[in-house]
Amino acid sequence: MERVEKTVELEDTGLVFETDLDIDRMSALVEAWLRLIGEDPSREGLKDTPQRVARAWAFLTRGYRQNLAEAVNGALFEAEGSEMVVVKGIEFYSLCEHHLLPFFGQVHIGYIPRKKVLGLSKFARIVDMYARRLQIQERLAVQIAEAVASVTEPEGVGVVVEGVHLCMMMRGVEKQHSTATASAMRGVFKTDAKTRGEFLRLIRSSNQ
């Protein structure tokens with residue numbers, strides 16, 4: 001029996017427990033699902049599909065098997081100033097928890113250090129950790145903002161998530177050019193309009 005080791009963080013508790021991902025059982029569920037939609041899992045093109053789908057979902061939801069300490073991996077450094085730092089255009093891919101269809105786009109993060117700065121690549125790892133779970137865009141923005149705030153303890157942090165949703169493009173209203181934007185502001189990014197405005201101007205410049 002093929003299994004993928006994992007750790008799961010209990011929501012709102014911060015507790016992590018060990019478990020595993022049963023690829024064989026997931027494959028059996030995919031095979032049953034194929035039959036329910038009217039397919040024949042034994043035909044040539046689908047014979048290995050249940051295993052492939054199970055492994056793909058293990059990859060697409062790997063965020064459940066990651067935690068913030070692993071994502072940051074100690075890459076915190078003493079701040080030499082208190083100027084705003086902005087990381088723009090971090091690509092993400094996620095799955096809508098309502099229809100299990102993909103949504104994807106870019107994340108922009110800004111923060112004003114107080115004592116610590118975070119290695120730039122770790123922002124992308126934090127984004128991936130939360131994006132690779134069943135998500136809604138609003139929660140994704142909040143989780144990223146709170147993670148950056150908890151790690152760096154900054155004066156403030158701002159996160160903007162821009163995405164397109166296949167649940168709007170492939171089904172339902174079937175609109176191909178709609179986009180969604182969600183934001184989360186903490187600290188001075190929330191309380192000071194000037195700081196928030198500077199951050200929003202800087203991320204808009206990425207599209208010019």
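Values quoted throughout were computed directly from the atomic coordinates according to the rules given, and no laboratory measurement underlies them. No experiment lies behind these values; they were computed from the predicted model shown. So basically every Cβ, Gly included, is an ideal-geometry build from the backbone, and we count neighbours across all protein chains shown.
Assorted remarks:
- Extension gain (nm, one decimal) between Arg139 and Arg171, 0.36 nm per residue minus Cα-Cα: 9.3 nm
- Listing Phe104, Phe199 from fewest to most neighbouring C-beta atoms within 10 Å gives Phe104, Phe199.
- Largest GNM mean-square fluctuation among Gly63, Gly187, Gly45, using the chain with Cα springs under 10 Å: Gly45.
- Karplus (6.51, -1.76, 1.60) ³J(HN,Hα), θ = phi - 60°, over the range 90-103, in Hz, Gly and Pro reported as x: 7, 6, 9, 9, 9, 10, 5, 6, 7, 10, 6, 10, x, 9
- Averaging the Cα positions of each part gives two centres, and for the range 19-52 and the range 110-162 these lie 36 Å apart.
- Under a Gaussian network description of the chain, with springs only between Cα atoms under 10 Å, the residue in Lys122, Lys175, Lys190 that fluctuates furthest is Lys175.
- Each of Leu29, Leu100 was scored by other Cβ atoms within 10 Å of its Cβ. Arranged with the fewest first, they read Leu100, Leu29.
- Close amide H contacts of Leu21 (hydrogens built in the peptide plane, cut-off under 5 Å, sequence separation of 5 or more or a different chain): Val4, Glu5, Lys6.
- Couplings 3J(HN,Hα) of the range 180-187, computed from phi: 10, 10, 10, 9, 9, 10, 10, x Hz, in residue order, whole Hz [Karplus 6.51 cos²θ - 1.76 cosθ + 1.60, θ = phi - 60°; x for Gly and Pro].
- Amide N proximity, the range 94-117 versus Glu78 label position 7 Å along Cα-to-Cβ, cut-off under 16 Å: 114-117
- Residues whose amide H comes within less than 5 Å of that of Glu155, counting only those at least five positions distant or on another chain, are Ile112, Arg114 (H built at 1.01 Å from N in the peptide plane).
- Electrostatic dipole magnitude of the chain [Cβ: Lys, Arg +1; Asp, Glu -1; Cα centre; debye, to 20]: 540
- Since only Ile203, Gly89, Pro50 are under comparison, the one whose Cα sits farthest along the positive direction of the charge dipole of the chain, derived from C-beta charges on Lys, Arg, Asp and Glu, is Ile203.
- Whole-Hz couplings from phi, Karplus 6.51/-1.76/1.60, listed for the range 170-179; x for Gly and Pro: 8, 9, x, 6, 6, 9, 8, 10, 7, 10
- Count of Lys pairs (Cα-Cα under 23 Å; at least 8 positions apart or interchain) in the range 75-207: 9
- In the range 16-114, one over the average inverse separation of all distinct C-alpha pairs is 17.4 Å, which is the Kirkwood hydrodynamic radius.
- GNM remark for the chain: springs join alpha carbons under 10 Å apart, and the peak mean-square fluctuation among Val72, Val157, Val173 falls on Val173.
- Taking every alpha-carbon pair within the range 75-207, the share separated by more than 26 Å comes to 23 percent.
- Two-site label geometry, Glu97 and Glu70: point separation in nm, points 7 Å out along Cα→Cβ: 2.0
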